[in-house]
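Peer 1: Have a look at this one.
The values are calculated or read from the model by the stated rules, or taken from the named source; none is laboratory data. Keep in mind that what you see is a predicted model, and the values were worked out from it rather than measured. When we count neighbours, we look across all protein chains shown, and the Cβ atoms used for this are built from the backbone with ideal geometry, even at glycine.
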Amino acid sequence: MKLYSSIGPNPKVVRMFMAERGISMPVMEVDTMKGENRREAHLKRNPLGTLPTLELDDGTFLAEILPICEYLEEKNGPSGVIGRTPEERAETRMWTRRIDLQIAEPSCNGMRYSEGLEYFKDRIRTIPHAAADLKQLAQDRITWLDDQMAGKQFVCGDRFTLADILLFAFLEFGARFNQPLNPGNNNIVAWYKRVEARPSASIQQFSPQLLSILDEQKIAPAPS
């Protein structure tokens, strides 16, 4: 198998998952800043042009982070990262679904329609007037999640899961685009520090080129 990866939170989710599971494979970097993901070579792998994309041994391709992680889990045997029982797997999927739709999606779209507008306006349909509301929607859901995290080490209790990986990658990403952690969300802040201390969390989702652009625009660094 081979993973086509890039900068950004989506590839980081899969690479963190692989690190937690001890899965290794060749990783091919696709330069999204140069638009390589919109060129014919990558569109043949994934017609949407998104990353990451997993090439299977038979030459077929899988896209979207959750199916990729689920596939790798099934190929390598069950673990607590997705779940060893039907109940654990259902709980992980419930929380990854909530985080994906209610936090990651509005947060990223808010960035695309504001700080990222110059980059994205000729690539996707953008809605600049919706940016602030989308960012606030994500923050509202993070505050809701903070209440749900009371007494928990991780999103699914004592079990570190794909839900934690997904949430961490997108909160880390959002913090670089004027969506910092709310210090009043004590449970989320403590959780973030626990996840940040894991070796897998050190996997980078920002290239030196992107960091230079962010620094020039004086966009705040991620929380530490």
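Peer 1: Name the one entry in K44, K12 that is more than 17 Å from the chain's Cα centre (by Cα) and either assigned to a helix (DSSP H, G or I) or touching a residue at least 40 places away in the same chain (Cβ under 8 Å) (or both).
Peer 2: Exactly one residue qualifies, and that residue is K44.
Condition check ((1) touching a strand residue (DSSP E or B) at 6+ places or on another chain (Cβ under 9 Å); (2) under 21 Å from T161 (Cα atoms); (3) modelled with pLDDT of 95 or more) across all residues:
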site	(1), (2), (3)
N10	no, yes, yes
V13	no, yes, yes
R21	no, yes, yes
K44	yes, no, yes
D58	no, no, yes
I68	yes, yes, yes
G83	yes, yes, yes
E87	no, yes, yes
R93	no, yes, yes
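Peer 1: Continuing with the same structure: Take the stretch 142-158 and flag every residue that is under 19 Å from the mean Cα position of the chain (by Cα) and either touching a residue at least 60 places away in the same chain (Cβ under 8 Å) or assigned to a helix (DSSP H, G or I) (or both).
Peer 2: Passing the criteria: I142, T143, L145, D146, V155, C156.
Peer 1: If A63 meets every condition in (1) surrounded by 13 or more Cβ atoms within 10 Å (Cβ to Cβ); (2) in the same structural domain as G174 (by TED's automatic domain parsing); (3) small (G, A, S) apart from one, which number is that one?
Peer 2: (2)
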